[in-house]
Amino acid sequence: MKYFGLYCFLGIFLLLTACQPAAKQKKKASNIYSNFIVQYRQTDRLFLAEANYAIGDSLANAQATEVASVSFQGGLMELSSSARKALFYKTERQSDFQNLLKFKTTDASGKKTTTDLQFDALESFLVKGQISKEQGLTIAWKGLPLGEGENLLVLISDQNNKASSSTILGPTPRAEIKIEGAFLKDLKQGAGNLLLVRKKKGEKIESQSIVQYELSYYTIPLKIDILP
């Protein structure tokens, strides 16, 4: 019995000590996740832009949220929803292409944030030489080579609207790519169309703000002849 008091004291001490780490644990800080998607169609000089926002301690746990306002290239975006996305902002703007894409966000507290995204156009390109099933084709464009995080989708369709596609991953040493003849083997010889889509995907992390973006530039289709 003489040790009973000591054991009780020791038990209470251990219990309090075990509880201390839990008491000291702090709630994990919430991050703001922003996602920006921009497509530019050279054919009709049209920007299609989307933005969505979420708050949470991780992307998996983040919940979609509204902001006070968001604009793209100086024009306000409108709030929308769909089965695919709970909440997102969208806009369409017809204009010449601009390399600097600018989103301005005002959150519920009135804090303003500007996100600048640099994206190189693919306004003009050509096929060097012929396009043949034996030799393939070489495509060159005016502007910078593909950079890190960029890729180029090459889409060729024949007169029967059968298509073949290939994706070239950046970076590339030059503003030029070579595609082998096997790419064309299932297409019919004769008239066709060549379309290029330059894409860029990336992420920016600043403090508790994580920005993800996907940018695409669709060229005007080029009329071509597919040779044997």
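No value in this document is a laboratory result; all are computed from the given coordinates. It should be emphasised that the depicted structure is a prediction, and the values quoted were computed from it without experimental measurement. Reconstructed Cβ throughout: ideal geometry from the backbone, glycine too, with neighbour counts over all protein chains shown.
Quick notes
- Rough spin-label spacing in nm, given labels placed 7 Å along Cα→Cβ, for Ala175 and Gln189: 3.5
- Taken over segment 72-197, lysine pairs spaced eight or more positions apart, or on distinct chains, with alpha carbons under 22 Å apart number 21.
- When the chain is described by a simple charge dipole with +1 on each Lys and Arg Cβ and -1 on each Asp and Glu Cβ, the residue from Val70, Thr219, Ser124 located farthest towards its positive end is Val70.
- Cα-based helix-to-principal-axis angle, 4-24 vs the chain, degrees rounded to 10: 30
- FRET efficiency, Gln208 to Ser132 (Cβ-Cβ, R0 41 Å, nearest 0.05): 0.15
- Sum of -39500 (n - 2.57) over DSSP H runs of 4+, divided by residues of the chain (222 nm, nearest 500): -3000 deg cm²/dmol
- Normalising the average separation of contacting C-alpha pairs (under 8 angstrom, six or more residues apart) by the number of residues puts the relative contact order of segment 93-228 at 23 percent.
- Summary of the geometry: segment 153-228 and segment 36-99, compared by the centres of their Cα atoms, lie 24 Å apart.
- Dipole moment magnitude, nearest 20 debye, segment 54-163 about Cα centre, only Lys, Arg, Asp, Glu C-beta charged: 160
- Per-residue extension of 0.36 nm, minus the Cα-Cα distance of Thr106 and Arg93, leaves a gain of 2.6 nm for this segment.
- Comparing Pro171, Ser95, Leu196 along the charge dipole axis of the chain, the residue lying farthest to the positive side is Pro171, per the Cβ-charge model.
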